[in-house]
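Enquirer: Pasting a structure here, questions to come.
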Amino acid sequence: GAVVSQHPSWVICKSGTSVKIECRSLDFQATTMFWYRQFPKQSLMLMATSNEGSKATYEQGVEKDKFLINHASLTLSTLTVTSAHPEDSSFYICSARDVMNTGELFFGEGSRLTVL
Amino acid sequence: AQSVSQHNHHVILSEAASLELGCNYSYGGTVNLFWYVQYPGQHLQLLLKYFSGDPLVKGIKGFEAEFIKSKFSFNLRKPSVQWSDTAEYFCAVNALSGANNLFFGTGTRLTVIP
């Protein structure tokens with residue numbers, strides 16, 4: 001199947017700093033990527049939909065100025081957590097849909113963020 | 001708004017036992033349905049999906065799921081589980097007329113005892 005890669009897989013940062021997480025579709029082009037957040041023992045919560053070449057669409061309750069999403073190319077979307085705080089510590093997962101838009105999503109490995 | 005319910009939060013079975021995990025969704029239109037699995041320390045993987053046609057869908061590793069439209073359900077089944085099936089299982093729904101993203105259930109943790 002198609003491969004989606006996230007980097008870094010694990011990051012620890014100090015409170016107040018910003019962290020960038022990359023999501024790449026390695027063997028297909030993705031016009032749409034999704035960013036999810038997974039809390040311990042809970043399901044994935046959709047944060048935003050990232051569309052190549054346009055602004056991301058954020059779900060209700062997600063601060064767009066805090067979670068900056070950029071989808072500059074058909075194979076790369078980035079999530080930047082700005083001025084991170086301990087409550088932002090979580091597991092962030094991206095997924096991508098190929099240009100054929102079959103409805104199937106391919107998931108990255110996830111990035112665990114710990115804010116001290 | 002769409003929602004996906006997985007009523008079993010944690011299921012514990014012995015090897016060779018049969019498995020059925022419930023999934024119900026609330027959306028009246030046409031949907032695509034998915035089951036994903038997350039093994040310990042690994043990322044989400046697709047087990048099976050339903051788009052149209054035969055409502056009984058067969059996936060990888062001996063799993064199957066049945067779409068019952070009248071019950072808004074898409075239960076996951078396996079006749080005989082193995083220790084290696086220990087994982088978190090997520091049901092997901094994609095409403096074709098909506099925002100075209102996936103809505104996930106809260107997941108069911110399956111523990112298989114050798």
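Enquirer: Only one of these conditions is not met by B:S52: (1) within 12 Å of another protein chain (Cβ to nearest Cβ); (2) of a type in the set (S, T, Y); (3) touching a strand residue (DSSP E or B) at 6+ places or on another chain (Cβ under 8 Å). Which number is it?
Expert: (3)
Enquirer: In region A:18-35, what residues are more than 8 Å from chain B (Cβ to nearest Cβ) and closer than 24 Å to A:V115 by Cα?
Expert: Selection gives A:S18, A:V19, A:K20, A:I21, A:E22, A:C23, A:R24, A:W35.
Enquirer: While we're looking at this one, here's another question. So which residues in region B:6-57 are under 15 Å from B:S73 (Cβ atoms), among the polar types (S, T, N, Q) and out of contact with any Lys or Arg (no Cβ under 8 Å at 6 or more places or on another chain)?
Expert: Scanning region B:6-57 gives B:Q6, B:N8, B:S26.
Enquirer: Here is a follow-up. Identify all residues within region A:17-30 that are in contact with a strand residue (DSSP E or B) (Cβ under 7 Å, 6 or more places away or on another chain) and either surrounded by fewer than 17 Cβ atoms within 10 Å (Cβ to Cβ) or not hydrophobic (A, V, I, L, M, F, W, C) (or both); write none if there are none.
Expert: Taking region A:17-30 first, the residues in contact with a strand residue (DSSP E or B) (Cβ under 7 Å, 6 or more places away or on another chain) are A:18-26, A:28-30.
Once the filter is applied, which keeps residues that are in contact with a strand residue (DSSP E or B) (Cβ under 7 Å, 6 or more places away or on another chain) and either surrounded by fewer than 17 Cβ atoms within 10 Å (Cβ to Cβ) or not hydrophobic (A, V, I, L, M, F, W, C) (or both), region A:17-30 yields A:S18, A:K20, A:E22, A:R24, A:S25, A:L26, A:Q29.
Enquirer: Need the failing condition index for B:S5 against (1) touching a strand residue (DSSP E or B) at 6+ places or on another chain (Cβ under 8 Å); (2) at pLDDT 95 or above, just the number.
Expert: Unmet for B:S5, out of (1) touching a strand residue (DSSP E or B) at 6+ places or on another chain (Cβ under 8 Å); (2) at pLDDT 95 or above: (2).
Enquirer: Residue check, B:D85 against (1) charged (D, E, K, R); (2) closer than 25 Å to A:S9 by Cβ; (3) within 14 Å of another protein chain (Cβ to nearest Cβ), all met but one. Which one?
Expert: (3)
Enquirer: Of everything in region B:55-105 that's touching a Ser or Thr at 6+ places or on another chain (Cβ under 6 Å) and surrounded by fewer than 16 Cβ atoms within 10 Å (Cβ to Cβ), which residue is modelled with the lowest pLDDT?
Expert: Among those residues, the one meeting the criterion is B:L96.
Enquirer: Of the conditions (1) without any contact (Cβ under 8 Å) to a residue 60 or more places away in the chain; (2) among the small types (G, A, S); (3) closer than 30 Å to B:G59 by Cβ, A:S5 clears all except one; give me its number.
Expert: For A:S5, the exception is condition (1).
Enquirer: Could you tell me which of the residues A:T57, A:T75 is away from chain B (no Cβ under 14 Å) and under 17 Å from A:S95 (Cα atoms)?
Expert: On the way: A:T57 fails: away from chain B (no Cβ under 14 Å).
Exactly one of A:T57, A:T75 is away from chain B (no Cβ under 14 Å) and under 17 Å from A:S95 (Cα atoms), namely A:T75.
Enquirer: Only one of (1) more than 13 Å from the chain's Cα centre (by Cα); (2) at the interface with another protein chain (Cβ under 8 Å from one of its Cβ atoms) is not met by B:G107, so which one is it?
Expert: Among (1) more than 13 Å from the chain's Cα centre (by Cα); (2) at the interface with another protein chain (Cβ under 8 Å from one of its Cβ atoms), B:G107 violates only (1).
Enquirer: Looking at region A:1-23, which of the residues that are in contact with a Gly (Cβ under 8 Å, 6 or more places away or on another chain) and in a strand (DSSP E or B) is farthest from B:G41 (Cα to Cα)? Walk me through it before giving the result.
Expert: We begin by selecting, within region A:1-23, every residue in contact with a Gly (Cβ under 8 Å, 6 or more places away or on another chain); these are A:4-6, A:9, A:23.
Keeping just the survivors that are in a strand (DSSP E or B) gives A:4-6, A:23.
Values: A:V4: 16, A:S5: 15, A:Q6: 15, A:C23: 18 Å.
It comes out as A:C23.
Enquirer: Can you pull out the residues in region B:19-46 that are under 11 Å from the mean Cα position of the chain (by Cα), buried (at least 20 other Cβ atoms within 10 Å of the Cβ) and over 16 Å from B:N8 (Cβ atoms)?
Expert: To start, the set of residues in region B:19-46 that are under 11 Å from the mean Cα position of the chain (by Cα) comprises B:20-24, B:33-37, B:46.
Filter once more, so that each one left must be buried (at least 20 other Cβ atoms within 10 Å of the Cβ): B:21, B:23, B:33-37.
Listed by number, the residues that qualify are B:L33, B:F34.
Enquirer: Also, I was wondering about something else. From the list B:F103, B:F34, B:F90, which one is of a type in the set (A, V, I, L, M, F, W, C) and either over 18 Å from A:R37 (Cα atoms) or free of Cβ contacts under 8 Å to residues at least 40 places away in the same chain (or both)?
Expert: Working: B:F103 fails: either over 18 Å from A:R37 (Cα atoms) or free of Cβ contacts under 8 Å to residues at least 40 places away in the same chain (or both); B:F90 fails: either over 18 Å from A:R37 (Cα atoms) or free of Cβ contacts under 8 Å to residues at least 40 places away in the same chain (or both).
After applying the criteria, what remains is B:F34.
The values are calculated or read from the model by the stated rules, or taken from the named source; none is laboratory data. This one's a predicted model, so the numbers in the text were calculated from it and none came from an experiment. As a convention, Cβ positions derive from the backbone with ideal geometry for all residues, glycine included, and neighbour counts pool all protein chains shown.
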